[in-house]
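The values are calculated or read from the model by the stated rules, or taken from the named source; none is laboratory data. These figures come from a predicted structure and were not determined experimentally. Don't worry about glycine lacking a Cβ; one is built from the backbone with ideal geometry, like all the others, and counts go over all protein chains shown. These area figures cover heavy atoms from the full protein model, side chains too; ligands, DNA and RNA do not enter into them. Shrake-Rupley method; radii C 1.70, N 1.55, O 1.52, S 1.80 Å.
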Amino acid sequence: MHVADIGVKCPVCGVKFSSKQLPVIVDTNRRNSELRQDFEGKIPQFEQYAVCTCPSCGYADWAHRYEVTNETSVLTARKLTPHIQFRSAAIAAEKEGRDFYSIGIFYLYAAWCADDSYAVQQAKEYRKLAVDFLKKSLVDGSCPKNQKEEIQYLVGEIMRRAGDFEQSKDHFRQVMPRLSSKFALMARKLMKLAESQDSNPIEFEWGEKTSEVQK
Ligand SMILES: [Zn+2]
């Protein structure tokens, strides 16, 4: 995993600073049941490098949304726990009036990073918020059309991961008729896990698509 120092400019206060970013993100095509890229512990998770916080005003956003600058600066991005940065990004996005889908994804990433730092209570809170916003994104149309099915599936799985087992089962039952075989197969497995009050992630199985996935 190659981490680069990239000079960026804050869109809010204009301060220039150096950020740590991943110029290339490897895709292993392996996902867990929450559709998070799974490196099986072989390399560090990349999400921590996907968020960036301005050292001057504290504004947080996706690292790639900061304008890149060639000017050097002695300032470096604020080093906060990644899940806290994603939470700030979600709050900032809500204030800015960004769509529900964007805010929901920030909270999902916050939950994943909270898992990485064993922040159990925060992870649970972020998942509940992710569910709220992603559900709204399915209603208001801010969820991209090509991700609708994925998000319908994901909402049920995030509920299960947050320990809301009954809600998760109800949600899966509702969306099941609209899911393709790949997601329906997973949803059935997850409903069984919810039945036994198990909130652990499992591997996402691609079903018959496996052969074309790994290139
Ligand atoms: Zn700033």
* **R0 of 45 Å, Cβ-Cβ distance THR72-GLU150: FRET efficiency to nearest 0.05** => 0.65
* With N residues in region 1-124, what two-decimal value do you get for its Cα radius of gyration over 2.2 N^0.38 Å? -> 1.06
* What's the lysine pair count for region 3-143 at a Cα cut-off below 30 Å, pairs eight or more apart or interchain? -> 23
* Asked: Lys/Arg Cβ at +1, Asp/Glu Cβ at -1, dipole of the chain taken about the Cα centre: which of ILE158, SER199, GLN121 is farthest positive-ward?
  -> ILE158
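With viscosity set to 1.002 mPa s at 20 °C, what whole-number translational diffusion coefficient in µm²/s follows for region 55-158 from Stokes-Einstein and a Kirkwood radius over Cα pairs?
Values: Rh = 14.6 Å.
It comes out at roughly 147 µm²/s.
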* **Inter-probe distance in nm under a simple model that places probes 7 Å from Cα toward Cβ, at GLU166 and GLN37** => 3.9
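Where the only charges are on Cβ atoms (+1 Lys, Arg; -1 Asp, Glu), what is the dipole of the chain about its Cα centre, to the nearest 20 debye? All intermediate terms of the calculation are to be shown ahead of the outcome.
Values: 31 positive and 29 negative charges, 29 e Å.
Charge dipole, the chain, about its Cα centre: 140 debye, nearest 20.
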* For region 54-68, take each phi angle, set θ = phi - 60°, evaluate the Karplus expression 6.51 cos²θ - 1.76 cosθ + 1.60, and give the result in whole Hz per residue in order, putting x for glycine and proline. => 5, x, 8, 9, x, 5, 10, 6, 4, 4, 6, 8, 7, 5, 7
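Out of region 90-122, which chymotrypsin sites (Phe, Trp or Tyr not before Pro) are coil in DSSP terms and have no more than 15 other C-beta atoms within 10 Å?
Passing sites in region 90-122 are TYR118.
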* How many angstrom lie between the C-alpha centres of region 128-201 and region 54-79? -> 35
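Take every Cα-Cα pair in region 47-111 and report what % of them are more than 17 Å apart.
Working: 787 of 2080 pairs.
More than 17 Å apart: 38 percent of the Cα pairs in region 47-111.
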* Got a sec? Which residues in region 86-102 would a label at CYS57 touch, if it sits 7 Å along Cα→Cβ and we count backbone N under 19 Å? -> 86-99
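Keeping all protein chains in place, calculate the accessible area per residue for the chain (probe 1.4 angstrom), answer in Å².
Working: 11400 Å² over 215 residues.
Computed with neighbouring chains in place, this is 53 Å² per residue.
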* Of all the stretches in the chain, which is the longest one without any exposed loop site, taking GluC sites (Glu not before Pro) in a DSSP loop (any state but H, G, I, E, B) with at most 11 other Cβ atoms within 10 Å? -> 72-215
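Expressed as a whole percentage, what fraction of the accessible surface of the chain belongs to carbon and sulfur atoms when a 1.4 Å probe is rolled over the protein heavy atoms? Walk me through the numbers before you get to the answer.
Working: 5710 of 11400 Å².
Carbon plus sulfur share of accessible area: 50 percent.
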* **Charge tally in the Cβ shell below 13 Å around PRO201, where Lys, Arg are +1 and Asp, Glu are -1, PRO201 excluded** => -2
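Kindly provide the Kirkwood hydrodynamic radius of the chain in Å, to one decimal, from all pairs of distinct alpha carbon atoms. Before the final figure, lay out the partial values.
Values: mean 1/r = 0.0548 Å⁻¹.
Kirkwood hydrodynamic radius for the chain: 18.3 Å.
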* Asked: With the Cα gyration tensor of region 105-215 giving a ≥ b ≥ c as the square roots of its eigenvalues, does the rule (a/c under 1.5 for rounded; else a/b larger than b/c for prolate; else oblate) give rounded, prolate or oblate?
  -> rounded
* **Of the trypsin sites (Lys or Arg not before Pro) in region 30-89, those whose Cβ has at most 12 other Cβ within 10 Å and which sit in DSSP loop** => LYS42, LYS79
